[in-house]
Amino acid sequence: MAAAGDHFAVLGLTARHDLPRDEVETAYLARAQVWHPDKVAPGETAARRQAMEASAALNEAYRVVRDPISRLEYIVKTQGIDLDSSDENTGAPSPSQAFLIDMIERRDDLEQAKASGGSKAASFRDAVEDSHDEAVDAAIAAVAGGDTPAAAQWLVQRRYWQRLLDEIDA
Amino acid sequence: MGNADTDIHDTGALFQIEEPASARKVPLTPGRAIGIDLGTTHSLVAVAPNGADPRTVADGEGRCLLPSVVSYVEDPPTVGWAARTAQLEAPSRVLSSVKRFMGRGTGDVDFSHPYTLVPPAEGAADIVRIDVGGDKVVTPMEVSARILEVLAARAEQELGEPPTGAVITVPAYFDEAQRQATKDAGRIAGLEVYRLLAEPTAAALAYGLDRGGQGLFAVYDLGGGTFDISILRLRDGVFQVLATGGDSALGGDDFDRAVAQLLLEKAGLVEPTPLQREQARVAARDAKEALSDKDSVEVPLPDGATITLSRETLEATIGPVAERTVAPCRQALKDAGVRAKELDGVVLVGGSTRTPLVRQLVESTFRQPPLADIDPDRVVAYGAAIQADVLSGSARDGVTLLDVAPLSLGLETMGGIVETIIPRNAAIPIAARQVFTNYSEQQTGMMVHVLQGERELADDCRSLAKFDLKGIPQLPPSMARIEITFELDADALLTVTARELMTGVRQTVQVKPTYGLSDEEVDRLVIESLDSAEDDFTRRNLAEARVELGRVVLAVGAALWDADQRPGLLEDAERASIDTAMQSAQVVMAPDGPTDHKLVVAAREHLESVSEGFARRRMERALLAGMEGMSVTEVSDTLAADEDLDDRRGGHGPEQVSKG
């Protein structure tokens, strides 16, 4: 099975943050046809096992690379910062004090917007969405400029915005 | 989980790790695989051998649909139409819609049913077990196996040989326990299950090949007891499920129940008996079906009166139930990232989509009239048969079917929170890994709790498996490394592999769901089923042989009586040997006669051989007598007609016997 560092290689793609969606789909579908366990006869246990592992690696690669956000996070991970880890050196960086204070204020606003409802709630959501998109754009720029720590910082902030959006929609 | 420091508990219990049973190696026989739609209310079998168009296989009376009903009033149980007729008299012993119980524990049964469930034994897995009377308790898997056996036998008749493998369809929304239960049912029925195929995927397969193009499709499948919605894409020879959703306890049966409730209210029956309830349900179902074409219909009430039910009233009654399908449709579109108007087609599956109200609802939800070119009752079986043919190794050009995980798979972490490790709608097969470590040097074990579902709290999700891992080497805190891999195969069935990274030892455990049968139980049921198949076979052979012998005894007896009226036809010595053979035949035919069918066959063959000359002479004489005054052509026609009749009798006699 391909190692966890190879999602782009499994798909036969070069590691880029700006892969066109269509390119990912075409690469995935071509490989999915070849590696699917259904292509191996039911009795061929060992060969089916292999096909199963190859397919599993392919599907995991597809899941990570297809979505632009998880792709960015994955690129940052291959460059040494794992956002899913709490390790001091290689894990997700802590957001700045200023950012956390901003988040606390926004959460207060959320309660008020929810209480008043209507257009106020809608414009609050729009503002959060804008902040989310700004964080994504900044992360893309940092990845393009080779500044992995900055990209990680923006991606951490994006996660906070995403959580807030999910709460608004809930 | 993953955060090593938070979630390891020393439980001290043993983690049973075993090598998975190696799959039997079965030689492939192209064209002999079958597709089975194991439905809540009806089941079907279809074949599409060696690239042929799919066709459903009918029973002896031309009926393709087999009611998914098993009656335990008789032993062995009866299946299908015959079982359904017994439903009114013995509602608790005649099992229908058993699919609703598949992979479920007694605690999950929150819908009404007329059966007697047996509470699980202390400490045993909580599996629904139904007391069907006569000291017999059955699981839903065994009941489903009886249905599968009938369908497989039907297919065998059609193919001329036993099927080598089967593709069985399941609702896309079925969780791991329900899929495992279905696969177990296949094994109990003695079938090699090549693949569990999601019903909507099967339907799209049937349609997609017909159209041969590219496109985005929604499949709206409202069956008797389940509702599924799937968004699929066909592109570059790959059928890809983009998203799936639904409700595994919502279907046409709920329409019937809502209407039955209305009927009981109209009849003023506040506390109906089980029989009255069942009568109302049958009347409701008939009324619903009739109202698909008519505007109003007369409905008999359980109290003997009759009321007129209009389509308007029907729709007002079932409307709230039908509306429950809309939210999952919207969610599936959202999950797939597809807008309704981008769809190239909406496919209808399931008998309940014949209801006009449902079609209107589909049209308004997806903003286009749905497709229904293929019989919605058969389209799933067609797709299953096509895929079965592909998997049997035939030369058919198959599209590749990519399914998705129907529900998120997660692990319980500290505080009962679920951490998702494989998200819903991820393409399968797929694997996810988690590395665990120890929190102290004393810790040598840990508990892993695998859950399926979308809720945040473990208590709200379905518990798939709980196991304890023991034998972690004693190492300083956070130094041990135990990697656990969770793998969903192409059928969305889970395998867990644990690898101790310090030693590199790798072991695998096939996770059996909390609500499933253990491997041992399945094996026992398979053996029981084989035993009783053997038993049934022996009994049938004996019955057939006895009937054959009886026929010969009757014929010879009549001929002897005839000979008594015409002296000279039979010599004394010949007469004596025939009489002796007749006497032994009578002994064999007696109720306490031999049970080995070979002895019965031998008695018949002996009687036939000693009476052969006598029979031939009688025939010749009759022929000569009959031919007086006939032309040569007429004689040969008569002979041909007689032979023909004999052939047909010879060919069909035993079959009819076995049915009786």
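The values are calculated or read from the model by the stated rules, or taken from the named source; none is laboratory data. Just so you know, these numbers come straight off a predicted model, no measurement behind them. Here the Cβ is made from the backbone with ideal geometry for all residues, glycine too, and neighbour counts use every protein chain on show.
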Could you please give the count of residues in region B:471-504 that are of a type outside the set (A, V, I, L, M), at pLDDT below 75 and surrounded by fewer than 16 Cβ atoms within 10 Å (Cβ to Cβ)?
8
Looking only at region B:427-457, how many residues end up being surrounded by 20 or more Cβ atoms within 10 Å (Cβ to Cβ), within 14 Å of another protein chain (Cβ to nearest Cβ), in contact (Cβ under 8 Å) with a residue 60 or more places away in the chain and in contact with a Phe, Trp or Tyr (Cβ under 9 Å, 6 or more places away or on another chain)?
1
Looking across region A:39-60 at residues that are at the interface with chain B (Cβ under 7 Å from one of its Cβ atoms) and out of contact with any strand residue (DSSP E or B) (no Cβ under 7 Å at 6 or more places or on another chain), the single one that is modelled with the highest pLDDT is A:SER55
Name the residue that is farthest from the chain's Cα centre (by Cα), counting only residues in region A:74-112 that are within 14 Å of chain B (Cβ to nearest Cβ) and in contact (Cβ under 8 Å) with a residue 40 or more places away in the chain.
A:ALA92
Mind listing just one residue for me: the one in region B:246-285 that is farther than 30 Å from B:PRO406 by Cα and among the charged types (D, E, K, R) and, of those, surrounded by the most Cβ atoms within 10 Å (Cβ to Cβ)?
B:ARG281
Considering only region B:595-618, state which residues are within 13 Å of B:LEU549 (Cα to Cα) and under 39 Å from the mean Cα position of the chain (by Cα).
B:HIS597, B:LYS598, B:LEU599, B:VAL600, B:VAL601
Residues to consider are B:GLU176, B:GLU192; find the one that is more than 14 Å from every other protein chain (Cβ to nearest Cβ) and under 21 Å from the mean Cα position of the chain (by Cα).
B:GLU176
Does B:ALA125 satisfy the criteria of being hydrophobic (A, V, I, L, M, F, W, C), assigned to a helix (DSSP H, G or I) and surrounded by 14 or more Cβ atoms within 10 Å (Cβ to Cβ)?
no
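Looking at B:PHE174, B:PHE255, B:PHE217 in this structure, which one is part of a strand (DSSP E or B) and of a type outside the set (D, E, K, R)?
So the residue among B:PHE174, B:PHE255, B:PHE217 that is part of a strand (DSSP E or B) and of a type outside the set (D, E, K, R) is B:PHE217.
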So which residues in region B:404-426 are more than 10 Å from chain A (Cβ to nearest Cβ), more than 24 Å from B:LEU501 (Cα to Cα) and either under 27 Å from the mean Cα position of the chain (by Cα) or not in a strand (DSSP E or B) (or both), if there are any at all?
B:PRO406, B:LEU407, B:SER408, B:GLY415, B:GLY416, B:ARG424
Please go through region B:202-234 and pick out each residue that is modelled with pLDDT under 85 and within 14 Å of chain A (Cβ to nearest Cβ).
B:GLN214
B:PHE239 meets each of (1) within 14 Å of chain A (Cβ to nearest Cβ); (2) among the aromatic types (Phe, Trp, Tyr); (3) assigned to a helix (DSSP H, G or I) with one exception, condition (3)
Test each condition in (1) modelled with pLDDT of 90 or more; (2) surrounded by fewer than 19 Cβ atoms within 10 Å (Cβ to Cβ); (3) closer than 30 Å to B:GLU487 by Cβ for A:ALA150 and report the one that comes out false.
(3)
With respect to B:VAL26, determine if the residue is at pLDDT below 90, touching a Gly at 6+ places or on another chain (Cβ under 9 Å), away from chain A (no Cβ under 14 Å) and assigned to a loop (DSSP other than H, G, I, E, B).
no
Going by the conditions given, is B:VAL79 touching a strand residue (DSSP E or B) at 6+ places or on another chain (Cβ under 9 Å) and within 26 Å of B:ILE386 (Cβ to Cβ)?
yes
Residue identified as crowded, with 21+ Cβ neighbours inside 10 Å, more than 23 Å from B:PHE101 (Cα to Cα) and under 22 Å from the mean Cα position of the chain (by Cα) among B:ALA218, B:ALA243, B:ALA198, B:ALA204:
B:ALA204
Condition broken by A:ASP6, with the remaining ones in (1) within 8 Å of chain B (Cβ to nearest Cβ); (2) more than 20 Å from B:ASP489 (Cα to Cα) satisfied
(1)
Every residue from region A:18-38 that is within 7 Å of another protein chain (Cβ to nearest Cβ) and not in a helix (DSSP H, G or I)
A:HIS36
Filter region B:52-63 down to residues that are buried (at least 19 other Cβ atoms within 10 Å of the Cβ) and within 17 Å of the chain's Cα centre (by Cα) and give me whichever is farthest from B:ASP397 (Cα to Cα).
B:VAL57
Anything in region B:279-298 that is within 30 Å of the chain's Cα centre (by Cα) and within 23 Å of B:LEU269 (Cα to Cα)? List them, or say none.
B:GLN279, B:ALA280, B:ARG281, B:VAL282, B:ALA283, B:ALA284, B:ARG285, B:ASP286, B:ALA287, B:LYS288
Would you call B:GLN507 modelled with pLDDT under 75 and assigned to a loop (DSSP other than H, G, I, E, B)?
no
Can you tell me which residues in region B:481-502 are in contact (Cβ under 8 Å) with a residue 40 or more places away in the chain and either at positive phi or part of a strand (DSSP E or B) (or both)?
B:ILE482, B:GLU483, B:ILE484, B:THR485, B:PHE486, B:GLU487, B:LEU488, B:ALA492, B:LEU494, B:THR495, B:VAL496, B:ALA498
B:ALA153 vs. criteria in contact (Cβ under 8 Å) with a residue 12 or more places away in the chain and not β-branched (Val, Ile, Thr):
no
I'd like to check something: does region B:434-456 contain any residue that is under 30 Å from B:ILE386 (Cβ atoms) and part of a loop (DSSP other than H, G, I, E, B)?
no
